[in-house]
Amino acid sequence: MGRMSGFAAPASVCLLLAACGPGGADGRPPSAPTGVTAQAGGATSVHVMWNRSADDTGIAGYEVHRSGRKVEDVPGGRHMVDVEGLEPATAHTFAVRARDAEGNLSPFSEEVSVTTPPRTPGDRTPPTRPRGLRGRAEGARAATLTWEKSADDHGVASYDILQGGARIHRVPGDETTALLTGLRPGVRYAFTVVARDAAGNASPASPVARVATAGSVGKPDGPGTAPSSFRAVGRAAGDGYRIDLSWVPPKTGGRVTRYQIHLDGELATTLHWSAPTPRGRISHSLHAGKEPGATRTVRIRAMLPDGTWGAFSERRTVTLGRE
């Protein structure tokens, strides 16, 4: 897994202001969906996910477009869909837009591209059954699943997460962790995992993992929703002092595209990657003021696949000007 060197923010990072005005009057279009990802599930299918949009009258649905043409209508309560019947070994580009209860359409999300794998003629051998499935509640509304990698003669293309026999999520074939969000508090869930190869052959389902979410939304989110290995180091700079930050994204089974950085308990900035975020340790440098000897505290949190914010990282304290 690659790592970023240095502490310069990636060129594709946009710094967004923390202030955000109230929702507009009826008729105002929804916000554009963010965090769109596309994962090939086989030679002819792609799993598209996005963060929920915001709107003053509520989201009625989403439109999923491929190469400029609408291919799916999705109810407003969902934020993922499997697009089937695609050409193998082909690059496909997807974008999503939201529709509110008044029929207003949001701007399109940023486009994401994915290439479906080639067909494997004559491949009728499914991957081996995923084993060692374990589940852990992450507070009241999320859970983390982990399992052992399946084997396949042509390679595993994806893993499907099932609840009660129905697919609710999909992650790439090189992942063995999935973060499930949007769960209900105080509910006992039963999950299984199925491996798929590029030919669409499905493995037997894994043994069941049972997870009980916390009974109150007031309970803190679990550590699996927070960035880990969070580091903060102060240094002198031409404009005063800066704090060099680095962290490892939470394992969601996909890419995290948005983070909030809080300085001294207040939102300092939001980082948004318009292109896929790095896999591995991420770095960013934050302006921290000009007063030597000042003590600053900093922490960070990530936006999860359902558009909600996960748990905060550990809090780090930095004294400016101290070597």
Here is a check on your reading of the model: is Gly265 surrounded by 17 or more Cβ atoms within 10 Å (Cβ to Cβ) and of a type outside the set (S, T, N, Q)? no
Right, Val208: among the β-branched types (Val, Ile, Thr), loosely packed, with under 14 Cβ neighbours inside 10 Å and at pLDDT below 95 or not? no
The range 36-55, subset hydroxyl-bearing (Ser, Thr, Tyr) and part of a loop (DSSP other than H, G, I, E, B), residue farthest from Thr308 (Cα to Cα): Thr44
Count of residues meeting criterion [modelled with pLDDT under 95 and part of a loop (DSSP other than H, G, I, E, B)] in the range 228-264: 11
Would you confirm whether any residue within the range 167-181 is modelled with pLDDT under 90 and on the phi > 0 side of the Ramachandran plot? no
So which of Gly173, Gly155, Gly139 ends up being among the small types (Gly, Ala, Ser), crowded, with 21+ Cβ neighbours inside 10 Å and within 13 Å of Arg196 (Cβ to Cβ)? Gly173
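Condition check ((1) in contact with a Ser or Thr (Cβ under 8 Å, 6 or more places away or on another chain); (2) in a loop (DSSP other than H, G, I, E, B); (3) more than 29 Å from Pro117 (Cβ to Cβ)) across all residues:
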| residue | (1), (2), (3) |
| --- | --- |
| Lys149 | yes, yes, no |
| Asp153 | yes, yes, no |
| Ile168 | no, no, no |
| Arg184 | yes, yes, yes |
| Ala190 | no, no, yes |
Please find, within the range 120-140, the residue that is modelled with the highest pLDDT out of those that are under 18 Å from Thr177 (Cβ atoms) and under 19 Å from the mean Cα position of the chain (by Cα). Gly135
Any idea how many residues of the range 295-311 are out of contact with any Ser or Thr (no Cβ under 6 Å at 6 or more places or on another chain) and farther than 24 Å from Ser53 by Cβ? 2
Scanning for something at pLDDT below 95 and in a strand (DSSP E or B), does the range 71-80 turn up at least one residue? yes
Quick test of your reading of the structure: Gly240 fulfils all but one of (1) at positive phi; (2) surrounded by 19 or more Cβ atoms within 10 Å (Cβ to Cβ). Name the failing condition by number. (2)
In the range 181-204, which residue that is of a type outside the set (Gly, Ala, Ser) and touching a Phe, Trp or Tyr at 6+ places or on another chain (Cβ under 9 Å) is nearest to Leu304 (Cα to Cα)? Leu183
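The values are calculated or read from the model by the stated rules, or taken from the named source; none is laboratory data. Here the structure is a predicted model, which means the values were calculated and not measured. No Cβ is skipped: glycine too gets one built from the backbone with ideal geometry, and neighbour counts run over all protein chains shown.
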